Amino acid sequence: SLAITTENDLTLQNVTLAGDFDITVPGTLTAQVITSEFGSIVIEAGDIDLAGAFAAYTVDLTAVRSVSVGVGRAGDDFLVDAGTDVTLGSVTTVGVETGYGGEGGDGISNIAINSGGTVRAGSLNALDNIFITADGDLFGVPSATARGEGGAVLVAGAGMNIDTNAALIESAEAGVDINITTRSGLEFGSLDAGDHIAIQSADFVLGDVA
């Protein structure tokens, strides 16, 4: 395991640990790929900028300001709490049970994002649930054509709950339900749920397939 507390910014290259990665940085944490092979990644910082974050169990990122992760994977939950913007390239959760010694997860594997600003998500794929709450808008990365271009691609094995200002979604697929609330407009390419889809929008709703 590795635990670091610093009074300044911290820049790291690639870090691979058997155990936990636990960092507190009042300034900016910048790193290439952080890997916890048998533990969790827990970071508190002013800003977080990671090329990659891979943990056997939980990835838990808390920032006073922004969080940016290029690629992420968590066996248990992938959690982001940012005072301003969140940018996630590709994030996946796969689900793990509690391991030897009581460590690990509960088999339920979610992606949960809380943002005081805008959320940009390329591809989010959760074994169970996706939760996105933002004061600003939800966007994605550019896609080739069609409705929802530039929107997020979201996949959840169980449910999906989105509460943002405006939302631009290329596609959203959930095994059970999709619930979307926007304080401005909603635009999507496709929404697909095993049980039901619920949309509440204070402005326009534009979509191709649901």
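When the charge dipole of the range 1-55 is built from unit charges on Cβ atoms (+1 for Lys and Arg, -1 for Asp and Glu) and taken about the Cα centre, the candidate among I41, N8, P26 whose Cα reaches farthest toward its positive end is I41.
What does the accessible area per residue of the chain come to in Å², with a 1.4 Å probe and no ligands, DNA or RNA counted? Each step should come with its number before you reach the end.
Details: 9100 Å² over 210 residues.
Value returned for the chain: 43 Å² of accessible area per residue.
Keeping every protein chain in place, order L17, L127 by accessible area at 1.4 Å, biggest value first, i.e. largest first. Don't jump to the answer; show the numbers that get you there.
Values: L17 30, L127 75 Å².
Largest to smallest exposure gives the sequence L127, L17.
Run the paramagnetic zone check for E7: 7 angstrom along Cα to Cβ, then residues of the range 35-66 with backbone nitrogen under 17 Å. Counting only backbone N, you get 46. The Cα center of the range 157-210 and the Cα center of the range 1-79 differ in position by 30 Å.
Between the entries (1) 94; (2) 140; (3) 222, the label attached to volume of the Cα convex hull per residue in Å³ calculated for this structure is (1).
Solvent-accessible surface (1.4 Å probe) assigned to D22 amounts to roughly 80 Å². To put it simply, the accessible area of the chain at a 1.4 Å probe is 48 percent carbon and sulfur.
The values are calculated or read from the model by the stated rules, or taken from the named source; none is laboratory data. Just so we're clear, the structure is a prediction, and the values are computed from it rather than from any experiment. Using ideal geometry, Cβ is built from the backbone for each residue, glycine included, and neighbour counts are taken over all protein chains shown. To get the accessible areas, we keep the full protein, side chains included, count just its heavy atoms, and leave off ligands, DNA and RNA. Shrake-Rupley method; radii C 1.70, N 1.55, O 1.52, S 1.80 Å.
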